[in-house]
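Q: Okay, here's the structure, questions in a sec.
The values are calculated or read from the model by the stated rules, or taken from the named source; none is laboratory data. Everything numeric here is computed off the predicted structure, so don't read it as measured data. Please note: Cβ atoms are built from the backbone with ideal geometry, for glycine as well, and neighbour counts cover all protein chains shown.
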Amino acid sequence: MLIFIFLLPCVLSFNHLISKSKNTLQFNMCGEKSPRSDKDRMSHNIRLGSSAIVSANVMGSLSILRSFPKPSYAGTTEANNKLSEYGLPPIVFVPPGFSPLVSEYGRGSKDKPIENPIVVQFAHPNTWIVQKTQTNNNGESGTVGANDYVKGDSANFYETPLPSGESLSVTNKGLYSKILQEALGRKGDVLESFKILKVESVGKGIKGEEYFRTYYSYSLNTEAGFLINRKGIATFTNVGPNIQALITAATDKRYGKGLEKTLEDITLSFRVYKMFTNIG
């Protein structure tokens with residue numbers, strides 16, 4: 001009994017310390033304002049990493065660290081090797097919990113001539129299923145994308161010719177609306193109440209090509225007769241004669257519960273490079 005009385009204050013004090021550490025970590029992970037620039041994002045990750053390490057030491061286990069997102073380098077070496085083959089700059093930062101994707105696109109096939117071969121690059125959550133183009137005796141086949149099919153989260157590449165007299169800009173919402181509806185409805189899906197919510201410039205590439213990020217919403221009319229409300233973010237650029245876009249989307253409920261930040265990270269990582277080889 002004496003031993004129990006002696007240990008009880010220690011146990012209560014330790015539990016209080018654990019609870020305080022958990023609350024601190026939860027605030028850092030969920031309550032802090034999301035960083036917008038790569039510099040802010042890197043310092044943000046450092047602060048979160050410090051909080052996770054302190055909490056793990058207090059708890060005496062790795063349970064918090066297992067759920068805490070860490071910088072992912074899985075596939076970075078492979079991706080940088082691919083970029084190096086074309087003399088392109090390496091990937092130097094991957095968002096926590098993400099993996100990089102690098103794929104060629106537009107190398108032509110027996111049904112489609114080589115017109116604008118490019119290299120597509122972006123980062124995605126490392127649990128998503130990845131698609132890359134493949135080549136065989138018939139040429140190139142497949143598409144480029146990463147998806148969580150169970151939850152309905154998606155990030156898919158799309159390319160279309162730049163219409164004559166058109167150009168990408170912050171004010172050209174009609175062009176983005178046309179391309180997005182064309183891309184999202186290409187498999188026969190019926191879209192309703194499509195809206196462009198915001199367009200912003202997010203910088204330039206190594207050849208001066210500008211990238212524009214577009215926020216949008218729509219309702220997907222299912223064959224079952226009910227509507228699924230979705231929101232998405234897409235980044236557009238113009239390399240060669242075509243417009244290239246990385247189009248992401250999720251249900252509006254998941255978008256509002258944290259997926260917006262994920263989709264922003266995906267679309268911010270999007271890059272397109274002209275493939276300067278002897279095939280194009």
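Q: Could we say that PHE122 is at pLDDT below 95, aromatic (Phe, Trp, Tyr), surrounded by 13 or more Cβ atoms within 10 Å (Cβ to Cβ) and under 29 Å from GLU264 (Cβ atoms) here?
A: So PHE122 does not fit the description; no.
Q: Sort out which residues of the stretch 167-204 are over 18 Å from VAL272 (Cβ atoms) and in contact with a Gly (Cβ under 9 Å, 6 or more places away or on another chain), and write them in order of number.
A: LEU184, LEU191, ILE196, listed by residue number.
Q: Mind listing just one residue for me: the one in the stretch 156-191 that is without any contact (Cβ under 8 Å) to a residue 60 or more places away in the chain and in a strand (DSSP E or B) and, of those, nearest to the chain's Cα centre (by Cα)?
A: Filtering the stretch 156-191 for residues that are without any contact (Cβ under 8 Å) to a residue 60 or more places away in the chain and in a strand (DSSP E or B), the one nearest to the chain's Cα centre (by Cα) comes out as LEU191.
Q: Could you please give the count of residues in the stretch 239-264 that are of a type outside the set (A, V, I, L, M) and in a helix (DSSP H, G or I)?
A: 11
Q: Another question about this same structure. Can you find even one residue in the stretch 241-256 that is among the basic types (Lys, Arg) and either surrounded by fewer than 16 Cβ atoms within 10 Å (Cβ to Cβ) or touching a residue at least 60 places away in the same chain (Cβ under 8 Å) (or both)?
A: yes
Q: OK, next. Identify, please: which residue in the stretch 192-228 is acidic (Asp, Glu) and part of a strand (DSSP E or B) and is, among those, farthest from THR262 (Cα to Cα)?
A: Top of the filtered list is GLU192.
Q: Continuing with the same structure: What number goes with the only condition from (1) assigned to a loop (DSSP other than H, G, I, E, B); (2) surrounded by fewer than 18 Cβ atoms within 10 Å (Cβ to Cβ) that VAL94 does not pass?
A: (2)
Q: Residues ILE228, ILE243: which one is under 24 Å from PRO100 (Cα atoms) and hydrophobic (A, V, I, L, M, F, W, C)?
A: When all the criteria are applied, what remains is ILE243.
Q: From LYS187, LYS195, LYS207, LYS178, which residue is at pLDDT 95 or above, out of contact with any strand residue (DSSP E or B) (no Cβ under 6 Å at 6 or more places or on another chain) and surrounded by fewer than 16 Cβ atoms within 10 Å (Cβ to Cβ)?
A: Of LYS187, LYS195, LYS207, LYS178, the one residue that is at pLDDT 95 or above, out of contact with any strand residue (DSSP E or B) (no Cβ under 6 Å at 6 or more places or on another chain) and surrounded by fewer than 16 Cβ atoms within 10 Å (Cβ to Cβ) is LYS178.
Q: The conditions are (1) modelled with pLDDT of 95 or more; (2) surrounded by fewer than 24 Cβ atoms within 10 Å (Cβ to Cβ); (3) within 13 Å of VAL119 (Cβ to Cβ), and ARG230 fails exactly one of them. Which is it?
A: Every listed condition holds for ARG230 apart from (3).
Q: Could you say which residue among SER63, SER72 is modelled with pLDDT under 50, of a type in the set (Ser, Thr, Tyr) and loosely packed, with under 12 Cβ neighbours inside 10 Å?
A: SER63
Q: Also, I was wondering about something else. Name the pairs whose Cβ atoms lie under 9 Å apart, with the first residue in the stretch 204-217 and outside the structural domain of THR248 (by TED's automatic domain parsing), the second surrounded by 16 or more Cβ atoms within 10 Å (Cβ to Cβ) and part of a strand (DSSP E or B), and 6 or more positions between them or separate chains?
A: none
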